[in-house]
Amino acid sequence: MKFQRTDGKNKDFIENCRLLDMDLDRRVGKKIERDKYKKYNQLDEIKEAIVVYEGKRVIGGGAIRRYDDETIELKRVFVHTEYQGRGIGSRLVALLMEWAIELGYKKMVLETGELLAESCAVYKKLGFQVIPNYGPYEDMPESLCMAKDLKSWRQADAG
């Protein structure tokens, strides 16, 4: 398995995001109006992304995007259904946190939803805490926002 750093213009990353959107439409599209999220999921501002490969096959991906001078946002994390439950998502998010630390960020935020129980479990396992909805998600009660102090990740990682 290979975790390759890239950016939001990478064709494999773009395809993984398309599959993520299809999965979200299937899983939560009947309960949540997903169109209002599209403007927050544009790939043109993504400079740091990771695509996960098994051989030549894309099996997942995710990205980080600057939120402010000290905070980076986790975006577009998705592991293909048949590969979920193998720790790939946890490893992917951990690598994105390490990259954020390399870039000098002190905190990571993310938006997910309570309906996405598997994702929430991965984030909680990695030490993310539920926070009040931030920025564009403040008036979206179906959103669940989380944050992680990256300084504590570095200390835990080093220990």
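The values are calculated or read from the model by the stated rules, or taken from the named source; none is laboratory data. As the structure is a computational prediction, the values presented were derived from the model and not from experiment. Cβ placement follows ideal geometry from the backbone for every residue including glycine, while neighbour counts extend to all protein chains displayed. Side chains included, ligands, DNA and RNA excluded: accessible areas come from the protein's heavy atoms. Shrake-Rupley method; radii C 1.70, N 1.55, O 1.52, S 1.80 Å.
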Checking LEU103, LEU95 in turn, the sole residue that is among the aliphatic types (A, V, I, L, M), touching a residue at least 60 places away in the same chain (Cβ under 8 Å) and either surrounded by fewer than 14 Cβ atoms within 10 Å (Cβ to Cβ) or touching a strand residue (DSSP E or B) at 6+ places or on another chain (Cβ under 7 Å) (or both) turns out to be LEU95
- Report yes if some residue within region 53-61 is at pLDDT 95 or above, over 23 Å from LYS2 (Cβ atoms) and of a type in the set (Phe, Trp, Tyr); otherwise report no. no
Out of curiosity, is LEU115 of a type in the set (A, V, I, L, M, F, W, C), open to solvent by 80 Å² or more (accessible area, probe 1.4 Å) and either touching a Lys or Arg at 6+ places or on another chain (Cβ under 7 Å) or touching a residue at least 12 places away in the same chain (Cβ under 8 Å) (or both)?
yes
A careful count of residues in region 42-88 that are touching an Asp or Glu at 6+ places or on another chain (Cβ under 6 Å) and either open to solvent by 10 Å² or more (accessible area, probe 1.4 Å) or among the charged types (D, E, K, R) (or both) gives 4
Per the list (1) outside any loop (DSSP other than H, G, I, E, B); (2) modelled with pLDDT under 90; (3) open to solvent by less than 30 Å² (accessible area, probe 1.4 Å), residue check on LYS39 breaks on (3)
Within region 107-159, of all residues that are touching an Asp or Glu at 6+ places or on another chain (Cβ under 9 Å), at pLDDT 90 or above and assigned to a loop (DSSP other than H, G, I, E, B), the one farthest from LEU74 (Cα to Cα) is PRO132
